[in-house]
Ligand code: ADP
Ligand code: MG
């Protein structure tokens, strides 16, 4: 299959690539691309969630959740199953609308009034647990496809990559540690390498904020260490929000940790304080 064939297939919403198409190629006519220069970061915070509530059949998945993320920070969100972590990401990315509360990206951009596509183009990238890579294409081609999604794929795919675009792909391959596997088909990568490729594909869009849901599930210890290194290296240039269960992993990367419980923030602080917090130990660590 050529790259063009695969893209064509990916764009068929009725096909198995439905999910990929939605996530990777949401460029249908009439969709609004948001100018990310409009994201006002002058106050030092990139995300403001205030009093967010989400109910499912009367059950409050989020209950007056208030949470702020600073520009360039690496934040870990932990909490027991059902605490509302994924729902929180759904609210940030526009997949779920809050019953009430406010969600702002920077000072002025109201996420609750934007479509998922607009939010993505404004600079919020989300890594799902389910991989959305193209298995039969190389690492390089996967990154190339991810880079092209913002434009008209039909015209851009037949154009040669510019030197600048090649450099960017090379740079991202280095960041995710796959420079030696550039021409390897993605299906032959290890589980961990696939996850890194997925992160690399997000980086091709140069997101201001990166949301990562349980990145180390199923990884070996060595892969977990490399993932910790990768996410740490992305902070500063990007704001990174990591939802994760694995406490050892969280300890290895965390600056500030937020504990969610029953849809709101139970505790927030450095890992040592969190681990010594009696309430946290009770609800999360099972003591
Ligand atoms: P976490 O990611 O922290 O494990 P979730 O955000 O996935 O938690 O879920 C929070 C709660 O909301 C859970 O009790 C879950 O069953 C419920 N929930 C999440 N999404 C839906 C939905 N679409 N419909 C009904 N209940 C949901
Ligand atoms: Mg979850």
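Listing for the model above:
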{"item": "Residue that is farther than 19 Å from residue 212 by Cβ and crowded, with 16+ Cβ neighbours inside 10 Å, where the choices are 164, 144, 171", "result": "144"}
{"item": "Extreme residue, farthest from residue 85 (Cα to Cα), among residues of region 155-189 that are assigned to a loop (DSSP other than H, G, I, E, B) and modelled with pLDDT of 95 or more", "result": "183"}
{"item": "Residue 40 vs. criteria surrounded by 13 or more Cβ atoms within 10 Å (Cβ to Cβ), modelled with pLDDT of 90 or more and over 19 Å from the mean Cα position of the chain (by Cα)", "result": "yes"}
{"item": "Region 110-132, residues that are more than 14 Å from the chain's Cα centre (by Cα) and surrounded by 22 or more Cβ atoms within 10 Å (Cβ to Cβ)", "result": "111"}
{"item": "Residue match in region 82-104 (condition: over 19 Å from residue 205 (Cβ atoms), within 10 Å of ligand 1 (Cβ to nearest atom) and touching a helix residue (DSSP H, G or I) at 6+ places or on another chain (Cβ under 6 Å))", "result": "yes"}
{"item": "Region 64-88 residues that are modelled with pLDDT under 95, paired with ones that are more than 13 Å from ligand 1 (Cβ to nearest atom) and outside any loop (DSSP other than H, G, I, E, B) (beta carbon under 9 Å, 6 or more apart)", "result": "78/247; 78/250; 78/257; 78/274; 78/280"}
{"item": "Tally, over region 253-263, of residues that are at pLDDT 90 or above and surrounded by fewer than 20 Cβ atoms within 10 Å (Cβ to Cβ)", "result": "2"}
{"item": "Check on residue 57, surrounded by fewer than 16 Cβ atoms within 10 Å (Cβ to Cβ) and on the phi > 0 side of the Ramachandran plot", "result": "yes"}
{"item": "Residue ranges of strands (runs of 3 or more DSSP E) in region 209-287 with at least 1 members over 16 Å from the mean Cα position of the chain (by Cα)", "result": "256-261, 264-269"}
{"item": "Matching residues, region 183-198, being touching a strand residue (DSSP E or B) at 6+ places or on another chain (Cβ under 9 Å), under 17 Å from residue 168 (Cα atoms) and surrounded by 22 or more Cβ atoms within 10 Å (Cβ to Cβ)", "result": "198"}
{"item": "Residues of region 60-81 that turn out to be touching a helix residue (DSSP H, G or I) at 6+ places or on another chain (Cβ under 7 Å) and surrounded by fewer than 21 Cβ atoms within 10 Å (Cβ to Cβ), as a count", "result": "1"}
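The values are calculated or read from the model by the stated rules, or taken from the named source; none is laboratory data. Being a predicted model, the structure only gives us computed values, none of them experimental. Note: ideal-geometry Cβ built from the backbone for every residue, glycine included; neighbour counts use all protein chains shown.
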